[in-house]
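Structure first, then comments.
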Amino acid sequence: MNSNPSSPLTVGLVGLGVLSQRSILPHLMLADARRVVNLRAVCDIDGERSRQVAGHYGIPEHYANLEDMLHSAAIEAVLICTPIHAHHPNALAALSAGKHVYVQKTLALTAKDAEEILSEARRRDLVLVASPQQLLNPARQAARRLLADGAIGPVYWALCPTDYPGPEGERHRQGDAPLNQIDPSWYYRPGGGPVMNMTVYALHALTGLLGPVQRVNAMSSVRQPSRRWKDHDIAVQVDDNTLLQLDFGSGVFAIASGSAAYPGRGVGWGHLCIYGAAGTMEVYSANPAEPNLASVVELVGAKTYRFDDFGPYLPPEHARLGDPHVYADIRHFVECVTSGQRLYDYAAQAIHVIDVIEKGYLAARLGQSQAIERTFQL
């Protein structure tokens with residue numbers, strides 16, 4: 001636990017790609033964030049990027065090697081925002097150094113690796129928080145209560161698309177400035193792809209509302225074998241078009257998508273539709289620029305609930321910045337550390353989701369549905 005809960009938690013940030021530059025750093029620079037988080041150090045394998053980010057934001061220390069940061073920087077916790085394949089070694093290194101750990105999605109490439117991270121956090125009695133924590137969102141909390149109260153009767157099935165045309169067009173990757181040289185090739189290599197990076201949101205939302213998945217089936221393929229970023233061709237080595245068919249037991253099903261297609265308008269990115277015997281519920285964002293910031297729960301043809309207050313972790317000034325759900329996850333992490341909470345059930349949900357992803361790819365390859373072994377209870 002933080003020895004002085006009234007003082008800011010001193011952290012280091014690992015990984016200075018698009019998400020950190022677009023979202024995490026701008027959020028952490030606001031005055032209210034500085035009162036709870038002291039960003040002492042940044043680290044990136046591109047040492048020049050690390051140096052420039054530190055200079056731009058006035059961060060005292062910068063590193064090109066995580067071990068150096070863990071050894072030299074006076075930090076209590078580590079925020080891991082690297083490509084997914086580096087989450088497992090980075091999290092274990094930080095936990096082994098006695099640091100509390102926040103990990104961006106997805107927690108690890110495999111459920112086995114994710115279980116090792118959780119086991120190490122438990123063994124050392126350290127906080128582990130894994131994004132995305134979709135149920136921190138008040139609209140999804142309300143949806144969960146309404147479902148439990150039978151607002152739409154017994155659930156039949158649900159739908160949640162999370163299609164995204166790819167990271168190569170992102171603004172922070174354009175131009176010739178050193179901070180814009182963020183190569184997206186990792187996204188199209190094994191361990192990347194739309195499912196690990198986008199469908200993970202749908203899976204956390206669906207399992208948060210409907211409970212654990214029992215079986216998964218899938219169709220999955222590479223639709224476009226090559227992509228282009230600036231003057232580089234990128235070979236697509238991971239499926240970029242996947243439909244997961246989820247069986248929650250008792251005749252409750254869902255479909256979650258992960259493709260490099262553009263999202264739709266009527267049922268857009270992360271728009272959650274749940275179809276019941278007595279009605280239909282839709283959970284979505286009223287702000288097209290922030291589709292993951294759910295703000296509406298609509299009982300179709302009956303009643304609509306709208307949310308302007310996004311909870312204690314997301315003050316209004318942060319709701320206006322990019323990816324506010326990421327900041328909400330980090331604020332929740334900070335509170336867990338300063339209060340001494342060990343909410344490992346959410347990490348167990350993250351492991352369950354990885355199991356679904358792994359078994360989904362296996363089901364697509366074998367043409368046979370797969371049982372899900374890991375479970376959780378929120």
*asked:* Every residue in the range 259-288 that is assigned to a strand (DSSP E or B) and not acidic (Asp, Glu), please.
replied: SER259, LEU272, CYS273, ILE274, TYR275, GLY276, THR280, MET281, VAL283, TYR284
*Taking the range 169-185 as the search range and keeping residues that are charged (D, E, K, R), surrounded by fewer than 16 Cβ atoms within 10 Å (Cβ to Cβ) and part of a loop (DSSP other than H, G, I, E, B), which one is modelled with the lowest pLDDT?*
ASP176
*Picking from ALA294, ALA319, ALA348, ALA277, which residue would you name as being at negative phi and free of Cβ contacts under 8 Å to residues at least 40 places away in the same chain?*
ALA319
_Condition met for ALA41 (at pLDDT 95 or above, of a type outside the set (S, T, N, Q), closer than 30 Å to ASP308 by Cα and outside the structural domain of LEU209 (by TED's automatic domain parsing))_ = no
*Taking SER295 as the residue in question, decide whether it is within 30 Å of ARG365 (Cβ to Cβ) and either surrounded by 18 or more Cβ atoms within 10 Å (Cβ to Cβ) or more than 17 Å from the chain's Cα centre (by Cα) (or both).*
no
*Give, as residue ranges, the strands (runs of 3 or more DSSP E) completely inside the range 26-139 that count at least 3 residues that are of a type outside the set (Asp, Glu) and closer than 30 Å to VAL356 by Cα.*
77-80, 100-103, 128-130
*When both residues are 6+ apart or on different chains and their Cβ atoms are under 8 Å apart, which pairs have a first residue that lies in the range 68-85 and is of a type in the set (Val, Ile, Thr), and a second that is surrounded by fewer than 23 Cβ atoms within 10 Å (Cβ to Cβ) and part of a strand (DSSP E or B)?*
ILE75/THR10; ILE75/ARG40
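The values are calculated or read from the model by the stated rules, or taken from the named source; none is laboratory data. Remember, predicted model here, so these are calculated numbers, not experimental data. Quick reminder, even Gly has a Cβ in these numbers, built from the backbone with ideal geometry, and neighbours come from all protein chains shown.
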